[in-house]
Amino acid sequence: MADRVIRLVFDAIDINEVLTLIDLNALLDQVDLNAVLDKLDVNALVDKLDVNALVAKLDMNTLISEIDVDKMLTQTELGTVIGHSTTSVLTSLLDLIRSLTVGMDDWLGRTTNRILRRSPDSLPKGPPRLVAAADATATSP
């Protein structure tokens with residue numbers, strides 16, 4: 001009998017109306033995000049990420065169009081170089097873009113290592129073949 005009464009009460013309640021009465025900010029203030037993050041399996045989450053798919057979705061033309069070349073030229077004093085050689089400016093600009101890409105790659109690697117809680121001491125010194133070759137060169141007389 002009680003089950004039937006409870007079911008009738010729940011059927012009569014408009015859940016959407018009840019949700020409008022809830023202050024989500026107050027509710028979220030009570031959530032301990034550190035406890036939630038402690039329960040999160042970051043490795044499983046990262047394993048599900050398809051980095052190649054994320055990079056493929058980047059629109060390089062849009063990214064490049066966001067670069068303020070004039071501002072970059074004034075800050076790097078490349079304006080005087082333009083008068084001497086247009087080719088050297090374009091080469092410098094490409095080098096700058098390459099270095100920004102390397103910087104972004106380094107940042108992404110550091111961020112990934114922090115998320116995965118990897119100790120910097122546990123990471124390899126470099127690509128295995130290069131490290132082996134450097135070690136062999138260092139130990140040879």
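Here are the numbers for this structure:
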read-out: Mean residue ellipticity (222 nm) of the chain, computed from DSSP H runs ≥ 4 via -39,500 (n - 2.57), nearest 500; value: -21500 deg cm²/dmol
read-out: Cα centre as origin, Lys/Arg/Asp/Glu Cβ charges: the chain dipole, Debye; value: 660 debye
read-out: Global form of the chain, assessed from the alpha-carbon gyration tensor, a/c cut-off 1.5; value: oblate
read-out: Net lengthening on full extension, T137/K71 (0.36 nm per residue, minus Cα-Cα); value: 19.3 nm
read-out: Approximate spin-label separation D95-D11, in nm, with each point projected 7 Å along Cα-to-Cβ; value: 7.8 nm
read-out: Using a Förster distance of 35 Å, the FRET efficiency for M104-I22 (Cβ separation, nearest 0.05); value: 0.30
read-out: Environment charge of R98, counting only residues whose C-beta is closer than 14 Å and scoring Lys/Arg +1, Asp/Glu -1; value: -3
read-out: 0 to 90° range, to nearest 10: angle between helix 2-12 axis and the chain longest Cα axis; value: 60 degrees
read-out: Cα-based helix-to-principal-axis angle, 86-115 vs the chain, degrees rounded to 10; value: 40 degrees
read-out: Rounded FRET efficiency, nearest 0.05, which uses the C-beta distance separating A44 from K125 and R0 of 30 Å; value: 0.60
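Values in this text are rule-based calculations from the coordinates and carry no lab data. Here the structure is a predicted model, which is why all the values come from computation and not from measurement. Quick reminder, even Gly has a Cβ in these numbers, built from the backbone with ideal geometry, and neighbours come from all protein chains shown.
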